[in-house]
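The values are calculated or read from the model by the stated rules, or taken from the named source; none is laboratory data. None of the values given here were measured: they were computed from a predicted structure. Cβ placement follows ideal geometry from the backbone for every residue including glycine, while neighbour counts extend to all protein chains displayed. Keep in mind that these areas ignore ligands, DNA and RNA; they rest on the heavy atoms of the full protein, side chains included. Shrake-Rupley method; radii C 1.70, N 1.55, O 1.52, S 1.80 Å.
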Amino acid sequence: MSTLRFVPPLALALLLAACNAPSGPAGSAAAPDAAVAPASAAAATPSPTQQEEKGMHKECPGATLHLTALPAKDGETTHTRLEIEKDGQRRAIDAPAEMSDYTAVGLACAEDTKGASYFVVQYGELPFGCAFCEWFYLYDADGKQLTHSTPPLRGEADAQSPNNDEYSQLIAKLGITHPEVDYLED
């Protein structure tokens, strides 16, 4: 089980800055609980993420996830639409009920020890992120949500952190190493 830690104001400022960092190797999210994922599990090698006009897509074995930035009246994107394309069919994937105040912000591919494919979707806030916006959800290759974050937050006030317990437990059980997440860029 993870322990909660107090984040000093300076560290909080650095975390906020990191949430706003550009994507890529330096801006990638770390595993939510690295101690849970076995070090020997082989990480899936995802294909490069393609940038679309106002979104991105992630091609994984058997399906493609599409993440589209939805236009806002003030010009600042705050919500996204998540869709899966499989066997020539494209359909929307609803956000988890507990993520109603957040939106999908990043995508990754993952593979278990038996070779089954999965998607990892990170939820958070747009356009600027927040100090604790790293919720990870595992989906099967058909787009079925396999994990929840109920309740979404653990702790109180300055000691809040995202609840990724179910995600961490399931990827450990499946032998999946938390993958590098590619983020939606403005």
The answer for the net charge of residues other than V181 whose Cβ lies under 12 angstrom from its Cβ, with Lys and Arg +1 and Asp and Glu -1, is -2
Using a 1.4 Å probe on heavy atoms of the protein chains only, the accessible area for V181 in Å², nearest 10, reads 0 Å²
A student applying the Cα gyration tensor rule (rounded when a/c is under 1.5; otherwise prolate if a/b is larger than b/c, oblate if not) would label the range 81-186 oblate
Summing +1 per Lys or Arg and -1 per Asp or Glu among the other residues with Cβ less than 13 Å from Q122's Cβ gives -3
Using a 1.4 Å probe on heavy atoms of the protein chains only, the accessible area for H148 in Å², nearest 10, reads 80 Å²
Measure of exposure for E125: accessible area at 1.4 Å probe, Å² rounded to 10, is 70 Å²
Contact order relative to length for the range 82-186, counting C-alpha pairs under 8 Å separated by 6 or more residues, stands in percent at 25 percent
The correct ranking of F119, F128 by accessible area at 1.4 Å, largest first, is F128, F119
Over the range 110-173, with neighbouring protein chains present, the accessible area per residue in Å² at probe 1.4 Å is 44 Å²
Distance in Å, no decimals, from the C-alpha centre of the range 135-151 to the one of the range 95-122 is 6 Å
